[in-house]
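The structure appears below as structure tokens.
The values are calculated or read from the model by the stated rules, or taken from the named source; none is laboratory data. Note that this is a predicted model, so its numbers are computed, not measured. Glycine also receives a Cβ, built like all others from the backbone with ideal geometry; neighbour counts cover every protein chain displayed. Side chains are part of the model used for accessible areas, which takes the heavy atoms of the whole protein and leaves out ligands, DNA and RNA. Shrake-Rupley method; radii C 1.70, N 1.55, O 1.52, S 1.80 Å.
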Amino acid sequence: MKHIFSAVLMSLIVSFAAHAWNTDTYVFNDLVTEKRYKSLVKELRCPKCQNQNLADSNSPIAADLRREVYGLLQQGKSDGEIVDFMVKRYGEFVLYRPKVSGLTYVLWFGPAILLLIGAFVVVMILRKKPAKKIEKSLSDDQQDKLAQILKDK
Amino acid sequence: MNKIIRFIPLILFIALGVVLYRGLSLNPQALPSALIGQKMPSFQLTQLLQPKVMLTEQDLQGDIVLLNVWGTWCVYCKYEHPYLVDIAQSGRVALYGLNYKDDRQDAAQWLKDYEDPYQLSIFDPLGKLGIELGVTAAPETFVIDRNGIIRMKHVGPIDGRVWKDKFLPMIENLEKEYQGENS
């Protein structure tokens, strides 16, 4: 048992190591800026290698955009300004958390609406009374026949 | 009433099927450019073949400017190259190059080996202007009008079909627009 546990633990460690980040080595003056950098590159999407964020992607454009994020942070820009910078050039597409707008209503509220519809359907089904059980009883003749059959057996 | 309700799952299924089927033929790489209708961003970069000459957005002269993002590392740039030569020779547009994330010597050699279709090429080794333009890779081509407004962006190589279907309508549009303004 102990062996299995350590094997699982080992494979987990290895898989985390294999999930290597990019190879940038940006130096930050303080921890807060570093944290902001990390959350920004996680939330910004790579425009070329879609389905990856800037942090995960090794494509040249992602590296450039990480450098740009770093540069903007060093200039003392706020997170909002940096996100705006990206949106202005690459469009809303780069946001993994898109802004609420006419285009994204379905994205933001669709799931909640679907859930409500589902809940409504469940309620409707539950409220429907089960069909009345029809009491079935055997007539005297049938009762006798049944007794006969059982006895013969 | 109950009969209709029974068909709702089928209807939903068909609707979902239609949406997903349509998704199959869409190109996820074709993103709407955030820059259409915006002014060409300003820049200060050297000219590819004359490292001492500084270029700015003012140097992109022409009624209809095509700015083609290219690099020697880009396979499709080679593919679209003969079409660009044709386009440049037609004289209908002013074709400029943006040499994107490349080596100056390699790029100069490339232009010598093949043929230089560009009036001039901007040298952008770090992709700075590329980021300003929202470029994700090469080749990409921008159509800029005579007021310096970006009117169209094409991602991917230009060939005969793309030129006919996408660029010519835009160019004819612009030419008509100018005629209207001039008269």
Out of all the residues in segment B:81-132, which are away from every other protein chain (no Cβ under 14 Å), open to solvent by 60 Å² or more (accessible area, probe 1.4 Å) and closer than 19 Å to B:Q58 by Cβ? B:Q119
Give the residue, chosen from B:S42, B:S25, B:S90, B:S33, that is touching a helix residue (DSSP H, G or I) at 6+ places or on another chain (Cβ under 8 Å) and polar (S, T, N, Q). B:S42
Every residue from segment B:54-80 that is assigned to a helix (DSSP H, G or I), of a type outside the set (D, E, K, R) and open to solvent by less than 40 Å² (accessible area, probe 1.4 Å): B:C77
Identify all residues within segment B:125-138 that are more than 16 Å from the chain's Cα centre (by Cα) and among the charged types (D, E, K, R); write none if there are none. B:K128
B:I131 fails exactly one of the following numbered conditions: (1) hydrophobic (A, V, I, L, M, F, W, C); (2) touching a residue at least 40 places away in the same chain (Cβ under 8 Å); (3) under 21 Å from A:I61 (Cβ atoms). What is the number of that condition? (2)
Search segment A:85-115 for residues being open to solvent by 40 Å² or more (accessible area, probe 1.4 Å) and within 11 Å of chain B (Cβ to nearest Cβ), and hand back the single one that is farthest from B:K153 (Cα to Cα). A:L114
Might you let me know whether segment B:36-43 holds any residue that is open to solvent by less than 60 Å² (accessible area, probe 1.4 Å) and polar (S, T, N, Q)? no
Check off (1) within 14 Å of chain B (Cβ to nearest Cβ); (2) surrounded by fewer than 10 Cβ atoms within 10 Å (Cβ to Cβ) for A:K153 and give me the number that stays unchecked. (1)
